[in-house]
Amino acid sequence: MSAQSLAPSTDSPESASVASRSGLLRTMVRRQRSLFLIAGLVLLAVVAWAAADRAALFKARSQSDACPPVSPSCDVTLSHLMDAETAVQYFQYALMLLPLLIGAFVGAPLIAQELERGTHRLMLTQSVSRARWLTAQLALPVAVVTTTAVGCSLAAAWVRSAARQTTVMNVWGRWETPVYSTFGIVPVASALLALAAGVLVGVLVRRTLPAMGITLVVCAGLSAFFYWIRPHLLPVRTWVGHGGFQLKGEIWMLEDGVVRKDGSWLPYDQCPAPGACRTGTVFEQYHEASQFWPMQGVETALLLACAAAATAATYAVLRRRAC
């Protein structure tokens, strides 16, 4: 018997576990490589769209500035500027749909198609626990979705800066819903929540197409819910005085109206007649500019907490259900 056969094995359980984890991760990278390609194409399309919108805005603005005030051609120039502004708004609306698409087309099929086809059983028979398999399945999509959402948020900020320089429309303030939903850190957390919700729905339904449809409804409901609670995330500022609208800077006006003689408040949209709300004293309830980033932080924390809860529920369901 040779000395080599008598030598003890140097492969420890720890090294075998590391090798198993790295092999599982490499397998997931190969199986999910199409996700990298799609994410890259999405980012490329978003950046190209943003660049085209910026170029159109600056071109239309320069033509408008050079146009003589009494020239008939100014109407055409103004129309070009308005078209450029509308294109930017379409860009923002498209980015608002990104979490729904991530949830339906990335999150829902991620595990549902594995369960539907039964391909997950091959991994689970290779001494791989369900928790480790699910972690490997989620790791790359989370990284790709985060990167994509960050890139889209930066592209939205890039386009918004051009719009604020070239137009006078009052739709580019940070509190406007299309801006708030696509600007800052909230869209990144929204994308991660949509991904987690889609994965959970896929594990529960275990069929790809129904899971995708249900995820669209769930993500739309989550978006509506956070839109509804957003004004209440931070304390509302109140101003009472004479003259009306004495506020400065970027504010989010929630409600304004008049203070009646009995001290009660009556919003303008509830006035019984056009001249019935002239009391001289008005009130305004709003969020001020300094509350923008704190509100984004609070909403992001809530979104990530919901994403963590959905992920924990996915692990629990997968662990308890028979595969």
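Just a few scattered comments:
- Cα extents of the stretch 174-297 along the three principal axes, largest first (Å): 62, 31, 20
- All other residues whose Cβ lies under 12 angstrom from that of Ile214 are scored, Lys and Arg at +1 and Asp and Glu at -1, for a net of +2.
- Two-site FRET efficiency, Ala157 against Ser290, from Cβ-Cβ distance with R₀ of 22 Å, rounded to 0.05: 0.70
- Contour minus Cα-Cα distance for Leu266 and Ala55 (0.36 nm per residue): 71.4 nm
- The stretch 45-112, accessible area per residue, ligands and nucleic acids excluded (1.4 Å, Å²): 51
- Accessible area ranking (1.4 Å probe, heavy atoms, ligands and nucleic acids excluded), largest first, for Thr146, Thr166: Thr146, Thr166.
- Net length gained if the chain between Lys248 and Leu302 were fully extended (0.36 nm per residue, minus Cα distance): 16.5 nm
- Ordering of 34-45, 299-310 by packing [mean C-beta count within 10 Å, highest first]: 299-310, 34-45
- Sites Arg130 and His232, calculated FRET efficiency, Cβ-Cβ separation with R0 25 Å, nearest 0.05: 0.05
- At full extension, Ser34 and Ala87 could sit 16.1 nm farther apart than now, given 0.36 nm per residue minus the alpha carbon distance.
The values are calculated or read from the model by the stated rules, or taken from the named source; none is laboratory data. Computed from a prediction, not measured in an experiment: that's the story for all the values here. For neighbour counting, all protein chains shown are included, and Cβ atoms are generated from backbone atoms with ideal geometry for every residue, glycine included. Just so you know, the surface numbers come from the protein's heavy atoms only, side chains and all, with ligands and any DNA or RNA stripped out. Shrake-Rupley method; radii C 1.70, N 1.55, O 1.52, S 1.80 Å.
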